[in-house]
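Just so you know, all these numbers are worked out from the coordinates, no wet-lab data involved. Keep in mind the model is a prediction, meaning the values are calculated, not measured. Don't worry about glycine lacking a Cβ; one is built from the backbone with ideal geometry, like all the others, and counts go over all protein chains shown.
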Amino acid sequence: MVDRPVEVWRLPEEEVRAGRPALTWTVGPGGELAVLVVPEEYAAPAGSWPPVRLPFDGEVVVTGPRGEWRVPLSGVDIAGGHLALLPGGRVLLADFRADQVGADWVPNAAVYRADGTPERVLGLGDDIRALVTDRDGRIWMAYGDEGIYGDHPLAHHGLLGVDTHGRTVWRPEQRKLPAYPLEGLAGATEGRYAWLAWYPSSSGSHLTRIDPADGSSNTVRLPVRVPVGFAVRGREGVFLSRGGELTWHLLVGKEWKQTAKRQLRLPGELDRERAYGRDGVLWFRCGNGWYRVSV
């Protein structure tokens, strides 16, 4: 039977009334929902980038199996396009883009301890389109075309895995990919595996599964051209399109066969920028509510 989306958490009304909107969000490897809430006083004019005035203060609200807790952040000078959770209750903030001063690239990410104090800054590359962390603290990314064809050395590979010091732990062997990446789409994890969705310049999109244990990878075609996000468990997958359609698929050989579909009928606008898959569960946002659905 097709699983129905279940609401996991909703931004409290007191946060909304106090003018503390959710800037960005993520889901940790253990199924912890994390939402970065920032006072409206730091909001930049509509349509501008970054969407906040730097530096800003805020809180990361984490809801997980052991309840709810908050990580206070102050004086943040990273725009925070990407949020991720790391082992030990640590938080990673990363910007989409990276600035270059002369021949040097300015760090565009920061790691914060569980109490909100800064641990380190690092550079993760330019034009990060998808970012997800695994249970061992590795950071998996898929880049956009401006990064891949730009000057930042990390982004050239299209797909990349690094540790929290920014050291490369995995990069693809281009001869093993069906085409050269042009744009990253979404990321997910399944047990020890990391999954990255991307598309090349030609038609079609691809899904690459990476095994960090030996560095091996396997790539299959995506059943949805530009998904917001996806989740995989074994040979089953669920994919969310930008039009709000959920489709369930079974991987037969190297081809996904659709088994079911459902159009979302939920309050609020769908977040088309990010959704996260964790061990067969897809997490997504509509309005001020966060939902999950299983494969």
(request) Please provide three numbers in whole Å: the alpha-carbon extents of the stretch 240-295 along the principal axes, with the largest listed first. (result) 39, 21, 17
(message) From Cα pairs below 8 angstrom and at least 6 apart in sequence, can you work out the relative contact order of the chain, rounded to a whole percent?
(response) 13
(request) Would you work out which of Ala79, Ala130, Trp49 lies farthest towards the positive end of the dipole of the chain, given +1 charges on the beta-carbon of Lys and Arg and -1 on that of Asp and Glu, about the Cα centre? (result) Ala130
(request) For the stretch 126-280, state the semi-axes of the equivalent ellipsoid (square roots of 5 times the eigenvalues of the alpha-carbon gyration tensor), sorted largest first and rounded to whole angstrom. (result) 24, 17, 16
(message) Which residue fluctuates most in the GNM of the chain (Cα springs below 10 Å): Leu85, Leu264, Leu246?
(response) Leu264
(request) Show which aspartates and glutamates lie in cross-link reach of Lys254 when reach means a straight Cα distance below 17 angstrom and same-chain residues fewer than eight apart are skipped. (result) Glu236
(request) Output the peptides 25-35, 218-228 sorted from most to least packed, where packing is the average of other Cβ atoms within 10 Å over each peptide's residues. (result) 25-35, 218-228
(message) Can you divide the C-alpha Rg of the stretch 32-149 by 2.2 N^0.38 Å and report the result to two decimal places?
(response) 1.06
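Could you list Glu236, Glu269 so that the one with the fewest beta carbons within 10 Å of its beta carbon is first and the one with the most is last?
Numbers: Glu236 16, Glu269 10.
The most exposed by this proxy come first: Glu269, Glu236.
Would you calculate, for the chain, the mean residue ellipticity at 222 nm contributed by helices, counting each DSSP H stretch of 4 or more residues as -39,500 (n - 2.57) and dividing by all residues, to the nearest 500? Walk me through the numbers on the way to the answer.
Values: 2 runs with 9 residues, N = 295.
Rounded to the nearest 500, it is -500 deg cm²/dmol.
If you average over every viewing direction, what projected area does the convex hull of the Cα atoms of the stretch 28-94 give, in nm²? It would help to have the intermediate numbers written out before the result.
Working: hull surface 18.5 nm².
Reported value for the Cα convex hull: 4.6 nm².
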(request) Based solely on C-alpha atoms, express the radius of gyration and the Dmax of the chain in angstrom. (result) 18.2, 57
(message) Run the reach check for Lys261 against aspartates and glutamates, Cα to Cα strictly under 13 Å, same-chain hits fewer than 8 apart removed. What comes back?
(response) Asp3, Glu245
(message) Let me spell out the model: positive unit charges on the Cβ of Lys and Arg, negative unit charges on the Cβ of Asp and Glu, origin at the Cα centre of the chain. What dipole size does that give, in debye rounded to 20?
(response) 1180
(request) Go from 0 up to the bin containing the longest alpha carbon distance in the stretch 213-257, width 5 Å each, and give me the % of pairs per bin. (result) 5, 21, 29, 23, 13, 7, 2, 1
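Tell me the net charge near Pro50. Cut-off is 12 Å between Cβ atoms, Pro50 excluded, with +1 for each Lys or Arg and -1 for each Asp or Glu.
Working: positive: Arg53, Arg97; negative: Asp77, Asp95, Asp99.
It works out to a net charge of -1.
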(request) Tell me the label-point distance for the pair Arg17, His156, using the 7 Å Cα-to-Cβ offset, in nm and rounded to one decimal. (result) 5.6
